[in-house]
Amino acid sequence: MDILFRGGRVFTPEGVVTAAVLVRGGVIAAVGPEGELAREPHETVDLGGGLLVPGFTDAHMHPIQAGLERAKCDLSEVFGLEAYKEKIADYAAKNPDKEWIDGGGWDMSAFPGGLPHRDEIDFLDRPAYLIQRDHHAAWVNTRALERAGITRDTPDPADGRIERDASGVPTGVLHEGAMDLVGLLTPRPTAQDLQDALADSERHLFSLGVTGWQDAIVGSYAGSDDPLPTYLSAARSGRLRARVTGALWWDRTRGSDQVEDLEARRASAAGLERFTAGSVKIMQDGITENFTAATLEPYCLCGGTGLSYVDPVKLKEYVAELDRRGFQVHFHAIGERAVREALDSLEGSDPANRHHIAHLQIIEPSDVPRFAALGVTANLQPLWATHHAQMDELTLPYLGEPRSSWQYPFADLVACGTRLCAGSDWPVSSADPLQGMHVAVNRTEPGGSVHAGYPTAQTPFLPGQRIGLATAMRAYTEGSAWINRSPAGRIEPGRPADLVVLDRDPFALPPGDIWTTRVRMTFVDGEIVHERA
């Protein structure tokens, strides 16, 4: 039977309008006055004065990894050393048979200089491997270092660093590629564990109105397991309801010889309705807080200009080959040098392949107009653009001026005509798109976040880079759907009825209250997949 959504407003490509929406056979049939659409028998969904929006698409996240972490020692909902130790001890007590204490979600800003120490978790009777919230480092105890044979004499891998004290003794933090020295020793999840993680994450994402996403690492990285078989199994069996694109991992230890392998991996998803694998993820640098983000000038206080994980000259060759074969390239670029290297590699590429660069923490101002000129989409993670402990105590002192003022230049990108998409990088940060929109509009922490009580959390961060709510919402809907080549993302006739009912209209709220908006109901192809009690 038809479904008529009525009693509120609708976010359409033309903006927010007072209208009803008719769904027939899982497809949006009409948008218009209720009296004109209610002539045939139908079920009714009363919006209750809320807002009907397209299902959100997250353009950069890691749901299977998130699901695995939610089932392990999950530190993401607490903050501070004592809270972490209490959580870890409680998890260990409840899981006496586990060989390892593994999980993650700790925040660098909870520790002096951003660095925990192995001594702080040496109370455990087992090795521990706990991934940092942003997945660029791991916190391990002495038992784990001994299990891996890591000593003062162990060299740093080419793509990572073992944190050491003044005498050269490892302190228990492994950065980037060094994570694998311990991570690969931890127990591997079973195929069922991975399927359960995907199902748990999908339920969670539906509760937030997310009906599609791009998984930003479909391959093996930092001890993680390749999620491709999990997605293929779920899509073939019909268990996967969301619309998903997998970004195939570019192995930075290899060269163009891996392109044929990527072709085969893309072909393995051919013909599937819910999952495609036509994107390739290239991680060009690390993060600012551990000095692995690639910068043009040295970091303050510590020197160095970070790491370019793929040689910039070879990068152009690799990207040209991927572009020629019709792959989309999905870059991780944090530092301004990495952003420039990514843009340089995309010179002359085909805009029809919908290449995008994610994170974009620092963009040298002369590079901002190049996004629109090259047809490259800016993939924003708005939740990071606030004053919080990591920003104020770690990032800003290391960047200095004027580089600090080049961070997350959303408004400048919009002014240059750049196409936007948006994502969360979950589990690095909350998967809630409405929280991300709040930050994009206000450049302040949403209420309820673990950082909301930080002294400067409500001081706008570079307020000149705020964007409007409609612009932010389009990035999370049609912008990210476009990146995924998804037919969803807009409320207009002929589109799939991937729809979200919000409990209030955020466009009618003061900007500072956007974060209070919640999802009431989520639909995929006109079928309800979440309803809040």
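Here are the numbers for the structure shown:
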{"item": "Qualifying positions in segment 374-397 - of a type outside the set (Val, Ile, Thr) and in contact with an Asp or Glu (Cβ under 9 Å, 6 or more places away or on another chain)", "result": "Leu374, Gly375, Gln381, Leu383, Trp384, His387, His388, Ala389, Gln390, Leu394"}
{"item": "Residue ranges of strands (runs of 3 or more DSSP E) in segment 7-75 with at least 1 members at pLDDT 95 or above and more than 31 Å from the chain's Cα centre (by Cα)", "result": "15-18, 20-24, 27-32, 42-46"}
{"item": "Boolean, Leu434 is farther than 12 Å from Ile514 by Cβ and either touching a strand residue (DSSP E or B) at 6+ places or on another chain (Cβ under 7 Å) or crowded, with 23+ Cβ neighbours inside 10 Å (or both)", "result": "no"}
{"item": "Which listed residue, of Thr386, Thr395, is more than 20 Å from Asp323 (Cβ to Cβ), assigned to a loop (DSSP other than H, G, I, E, B), over 15 Å from the mean Cα position of the chain (by Cα) and not hydrophobic (A, V, I, L, M, F, W, C)", "result": "Thr386"}
{"item": "Hits in segment 172-194 (condition: crowded, with 20+ Cβ neighbours inside 10 Å and assigned to a helix (DSSP H, G or I))", "result": "Gly177, Ala178, Met179, Asp180, Leu181, Val182, Gly183, Leu194"}
{"item": "Single residue of Ala411, Ala452 found to be surrounded by fewer than 24 Cβ atoms within 10 Å (Cβ to Cβ) and without any contact (Cβ under 8 Å) to a residue 12 or more places away in the chain", "result": "Ala452"}
{"item": "Contacts under 9 angstrom Cβ, first residue in segment 155-166 being closer than 18 Å to Thr142 by Cα, partner surrounded by 11 or more Cβ atoms within 10 Å (Cβ to Cβ) and among the polar types (S, T, N, Q), 6 or more apart", "result": "Arg161/Asn290; Arg161/Thr292; Ile162/Thr154; Ile162/Thr171; Glu163/Thr171; Glu163/Asn290; Arg164/Thr171; Asp165/Thr171"}
{"item": "Filtered residue count, segment 151-171, keeping only those that are surrounded by 15 or more Cβ atoms within 10 Å (Cβ to Cβ) and of a type in the set (A, V, I, L, M)", "result": "1"}
{"item": "Scan of segment 6-28 for residues that are surrounded by fewer than 18 Cβ atoms within 10 Å (Cβ to Cβ) and not basic (Lys, Arg), ordered by number", "result": "Gly7, Thr12, Pro13, Glu14, Gly15, Val17, Thr18, Gly25, Gly26, Val27"}
{"item": "Members of segment 200-227 that are surrounded by fewer than 17 Cβ atoms within 10 Å (Cβ to Cβ) and closer than 29 Å to Leu499 by Cβ", "result": "Arg203"}
{"item": "So Ile150, is it in contact (Cβ under 8 Å) with a residue 12 or more places away in the chain, part of a strand (DSSP E or B) and either of a type outside the set (D, E, K, R) or out of contact with any Gly (no Cβ under 9 Å at 6 or more places or on another chain) (or both)", "result": "no"}
{"item": "Pairs, first on the phi < 0 side of the Ramachandran plot in segment 116-129, second of a type in the set (S, T, N, Q) and at pLDDT below 95, C-beta under 6 Å, six or more apart", "result": "Tyr129/Thr186"}
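The values are calculated or read from the model by the stated rules, or taken from the named source; none is laboratory data. Computed from a predicted model, the values in this text were never measured in an experiment. All Cβ positions, glycine included, derive from the backbone under ideal geometry; neighbour counts span all protein chains shown.
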